[in-house]
Every structure is written in C-alpha cells, then in structure tokens.
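The values are calculated or read from the model by the stated rules, or taken from the named source; none is laboratory data. Predicted model only: the values in this text are computed from it and were never measured. Backbone-built Cβ (ideal geometry, glycine too); neighbour counts: all protein chains shown.
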Amino acid sequence: MHAYGRLLILIFALESLLFIPLFFMLFSTAVKWSVSDFALMAVLLLLVALGIETIKRKIKSKSKKLLSLAGLLVFFLLFWAELAVGILNTPFAGN
C-alpha cells in the first residue's frame, strides 16, 4: 500500500473515534462535549496519526520504533487525561 494511502486510513480510523462521544451525547446527559472539545480532540488525534506515520517511516529499529510508539501513546493519554480531569493540575485543565 502506498504510504499516503496508509496515512489516510490511519487518520480516518483515529478521527472516527470522535463518533463515540457524539453517539453517547445523543442518548445520555453524562457526556457533554462542545464544538471546541470535538475540534481539539480532532487536532490531537490528527497529531497522533501524523506522529505514528512519522515514527513508522523514520525509525528502522523495531525496538526503537515500539518504544517511540509507546511514548507517543503515553504522552497522548496523559495530555488527554489532563484536559479531561486535570490529573496534573496544570493550566491546560483550567486549574
């Protein structure tokens, strides 16, 4: 598969995750995302997709590639958790 095709599939797959909160917003009042929440998460997921593709293209060593992908995933999850609930009490969460 062409590298750009793989990138487009990865972006589509990650961005389709945005349908999960949208779906739950239709049937529950527990999820309350604004348009800016969806936009921010779309940008974050796009950056993760680009990071994954860059790591896959540039790093040849399998162990370094796995470590880099794991680091990217941990960074994304920590950043997402900070934005969601403020686990680190930084200004990003409004604390």
Looking only at the stretch 48-92, filter to residues that are of a type in the set (Ser, Thr, Tyr) and exposed (fewer than 12 other Cβ atoms within 10 Å of the Cβ); which one of those is farthest from Trp33 (Cα to Cα)? Ser61
Flagged in the stretch 39-88 as among the small types (Gly, Ala, Ser) and part of a helix (DSSP H, G or I), in numbering order, are Ala39, Ala42, Ala49, Gly51, Ser63, Ser68, Ala70, Gly71, Ala81, Ala84
Within the stretch 1-33, can you find the residues that are among the small types (Gly, Ala, Ser) and either part of a helix (DSSP H, G or I) or at pLDDT 90 or above (or both)? Ala3, Gly5, Ala13, Ser16
Across the stretch 34-64, what is the number of residues that are touching a residue at least 12 places away in the same chain (Cβ under 8 Å) and of a type in the set (S, T, N, Q)? 0
